[in-house]
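What follows is one structure encoded as C-alpha cells, with my remarks underneath.
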Amino acid sequence: MGVAGDARAGVATGARIEAGPWRHVLPRRLLPYALIAPALLVILGVLGYPLGMLLWLSTQRYGLRELFEHQGEFVGLSNFATILSDPQFRYVIQVSVIFTIVNVGLSMVFATGIALLMERVSRPIRVLLSAGLVLVWATPVVPAINLWQWMFDYEFGVVNWVLTRLGVGNFIHHNWFENPVQGFTVITVIVVWGAIPFLALMLYAGLTQVPRELVEAAEIDGARQWQVFAMVTVPILRPLFLILFSLSTIWDFGVFNQVWILLNQRPSKDYFLISVYSFQESFRVSQFGLGSAIAVVMVAILVLVTFVYVRQTVRQTNEEAA
Amino acid sequence: MTRRLASRTLFDTIAVLVFAVMLFPIYWMVSTALKPGKEILSLTPVWFPSPVTFDNFRDAMNLPFFWNDVVNSLIVVLTVVAISVGLAFLAAVSVARFGFRGRTAFIVMVIAVQMVPLNALVIPVYLLLNQAGQVDSLLGVIVYYLAIAVQPTMLVQAMNICFLTGKTTQFAVFQRYDLDDHPDARPTYAQLASELAIPVTQVTNYLAFARRELRRLVLERLRALCATDEEFRLEARELLGSDPTSRPA
C-alpha cells in the first residue's frame, strides 16, 4: 500500500509524542500501570478499605465502650441474626423496597417523557428547558431539601395554599408528616424532582444518537410513534436505560438526607428507610456493629439487584475493546 | 404542514409548563430571599417581592462564621475537584490509550465502584476518622468527599473510555504497523495483538479501518483542492496509486 508512506508527513507529530522524556524514566510497558496507580490507590483507600472495615465491623460488638477503646469484640454473625429476627428491620426493608420501586419508576417515566419532549420542541424552548434542568441539577441537596420543607410548611407553605385554592381539599394548617404515606409522598416529590435533570439530560443525549434512518424506515413501514419508541428507540438505548435504572436504584435505595433533614433529624420509626435505620442504630443508639450489619445487608441487596448491570456493561466494554 | 405546526406548538406549550413546574422551587427560593420578613410569613403567599429588599442577604453575611463557612467550603471543593479530576484524567488516558494486562479488570472495578452505596460507608469512615483524631476537621471532610467525588468522575471517565477505546486502539495499530519507523522489521500481527491486548483478527480489521479512513480523508481533501474531475483523478492516481472513481472510496 502506498498510503502509509505518504501519510507519514501528516501524522508524524502524533507518533513523536511517544518519544517524550517519559520514555527514559519508565519503560513503555509500565507507563499504563503508573497512570492508573494514583486512581487505584484512592479507590482502594477511600472505598475499598472502609468497605472491608464495614464487613469486619458487622461481626463485632462495637458500642460506646469499644469506641473509646478502639477495640471491638468479635461476635460472629450474631449481629445479622439479631437484625434478621427483628420485626422492625423487616418493616424497614419493605418500606425501602416499595419506596425505591416507586421513586425509580416515577423518575424514569418523567425523565423519559421530558427527553422525548425535548426532541420534539423548537430550538429556543429546548435550550430553555435544558438550562432549567441544569439549574435544578446544580442546586445542592441540603438547601433544596430546606427549600421544599419551607414550601410544604404547615402554616406558611405555598403548597398547602395552592392545593386549597385548586379545590383539592382543605389543606390549611395541614401537617404533611403526621401520616407516613403523605410524608413519603413529599419525600418522593423531592427525590424525583432532584433525579429528573440528570436522567432526562442523559436520555436526551442518548435519543440524539439513535440513527435517523432506523426511525424513518420504521415510519415508512407504518409504525406509529409509540411503536417506533418501543421497537426502535428502547432496544437501541437499552444499555443506557440499564445504567440509569441501576444508578437510580442505588441512589433511591440509599436515600437518607431527605428523610433526615425534612423530619428535623428526629424521624419517627415509621420513616425509617434502610440507611436511616443503619445511621440511627450506629450514631444514636451507638451500636456500630449492628448498624454495620444493616449496611452490609443493604450493600448485598444492591449488589444482587445491580449484578445484571455490571455484567451487561462489562460484556459491552469487552465487545467494544475487542 | 399545519398539523405539524400544531403539534409543535402543543409540545412547546407542554415544555414551558414542565419548565415552570421544575423551576418553581428555585424561583420560590430566590423570591423568598428578596422579600421583607412580613411577606415571607404571610398566610396568603406573596408571588412577587415588593419592595425588593437585600436585607436578608446582609443579615446572612453578617452571621458569625458565615465567611468562615464559605472559606471552608471553597477549601474542600477545590482540593477534592483538583485531586479527583487529576486522578481520573491520568487513569482515563491509560485505559483509552494503552492496552495492558489488567485493563479489563480495572474497567470492571471502576464500574463496580458505582455499586457501593456511600451512606453505608459512613460508619467505618467515622470510626477511621475518630481513630485518626480527624472528626470535625476539614481534612476528614476532604477525605470523605473524595470518596464521593471519585465515583461520578470515574463514571464520566468510564463513558469517555467507551467512546475513546474503539478509535484509539485502531489508530495505535495503524501507527505501530504503518507509521512508525521500523529499523529491524515490522512487528508481526501476533506481536501487535499481544502488545495491545486485542485478538489477532482485530489487528487486521483495525488496520483496514485506519487505512480506509485515511484514504477517505486524503480523497476528501484532494477533491477540495482540485479544480476539475480530471485533475482530481490524476492527482489521486499519483498519490494513492489507484483510480478513486473506479471503486467506491
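The values are calculated or read from the model by the stated rules, or taken from the named source; none is laboratory data. Bear in mind that the values here come from a model prediction, so they are computed numbers and not experimental data. Cβ sites come from the backbone with ideal geometry, for glycine too, and all protein chains shown count toward neighbours. Only protein heavy atoms, including side chains, enter the accessible area calculation; ligands, DNA and RNA are left aside. Shrake-Rupley method; radii C 1.70, N 1.55, O 1.52, S 1.80 Å.
Quick notes on this one:
- Across region B:175-240, the relative contact order, built from alpha-carbon pairs under 8 Å that are at least six residues apart, equals 17 percent.
- Region B:1-62 has equivalent-ellipsoid semi-axes of 37, 12, 9 Å, by the square roots of 5 times the alpha carbon gyration tensor eigenvalues, sorted largest first.
- 13 Å tail of the calculated P(r), region B:175-240, as % of Cα pairs: 70 percent
- Residue A:141 paired with residue A:34, simple spin-label distance in nm, labels 7 Å along Cα-to-beta-carbon: 3.8 nm
- Remark: spin-label model distance residue A:64-residue B:89 equals 4.9 nm, labels positioned 7 Å along the Cα→Cβ axis.
- Solvent-accessible area of residue B:223 with every protein chain in place, 1.4 Å probe, in Å² to the nearest 10: 140 Å²
- Estimated translational D of the protein assembly as shown in µm²/s (Stokes, Kirkwood radius over Cα pairs; 37 °C; 0.692 mPa s): 117 µm²/s
- Multiplying the residue separation of residue A:122 and residue A:73 by 0.36 nm and removing their Cα-Cα distance gives an extension gain of 11.2 nm.
- Selection from A:181, A:302, A:209 lying farthest towards where the dipole of chain A points positive, charges on Cβ: A:209
- Given charges at beta-carbon only (K, R positive; D, E negative), |dipole| of region B:175-240 in Debye: 260 debye
- Per-residue SASA entry for residue A:35, accessible area with 1.4 Å probe, Å² rounded to 10: 30 Å²
- Rg to Rh, two decimals, where chain B supplies the alpha carbon set and Rh follows Kirkwood: 1.18
- Using the Cβ-Cβ distance between residue B:105 and residue B:5 with R0 = 51 Å, the FRET efficiency computed as 1/(1 + (r/R0)^6) comes to roughly 0.40.
- Ranked from largest, the principal axis spans of the Cα set of chain A equal 79, 60, 34 Å.
- In terms of Cα atoms, the Rg and Dmax of region A:175-256 work out to 17.6, 55 Å.
- The mean sequence separation of alpha-carbon pairs under 8 Å and at least six residues apart, normalised by the residue count of chain A, gives a relative contact order of 25 percent.
- Area accessible to solvent at residue B:220, 1.4 Å probe radius, in Å²: 110 Å²
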